[in-house]
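A short worksheet on the structure shown next.
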Amino acid sequence: KGVLCFVSLKETVLENGTLAFDTWTSVDTPMYRQFWLFDVQNPDDVLSQGAKPVLVQKGPYTYR
């Protein structure tokens, strides 16, 4: 889980030299990338009691 998350985050960074950046800048048509984030409303209960997380969806955040 931790390794997969790290690899996913590493591959989505839009920074010169990354696969995401190279793909982003090499196409002739405009590309858009959208992200949705989930805000955990009860992190203390989740961590201390194993409660089911209460999530609020944020986004989409769109980048061109």
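Filter the range 32-61 down to the residues that are acidic (Asp, Glu) and surrounded by fewer than 12 Cβ atoms within 10 Å (Cβ to Cβ) and list them by number. The answer is Asp39, Asp44. Cβ-Cβ contacts under 8 Å between residues 6 or more apart (or on different chains), taken from a first residue in the range 32-52 that is more than 29 Å from Arg64 (Cβ to Cβ) to a second residue that is of a type in the set (Gly, Ala, Ser), are listed as Asn42/Ala51; Asp45/Ala51. Taking the criterion of being in a loop (DSSP other than H, G, I, E, B) and either modelled with pLDDT of 90 or more or in contact with a helix residue (DSSP H, G or I) (Cβ under 7 Å, 6 or more places away or on another chain) (or both), the residues of the range 19-64 that qualify are Met31, Gln41, Asn42, Gly50, Ala51, Lys52, Pro53, Val54.
The values are calculated or read from the model by the stated rules, or taken from the named source; none is laboratory data. The model shown is predicted, which means the values in this text are computed figures rather than measured ones. Quick reminder, even Gly has a Cβ in these numbers, built from the backbone with ideal geometry, and neighbours come from all protein chains shown.
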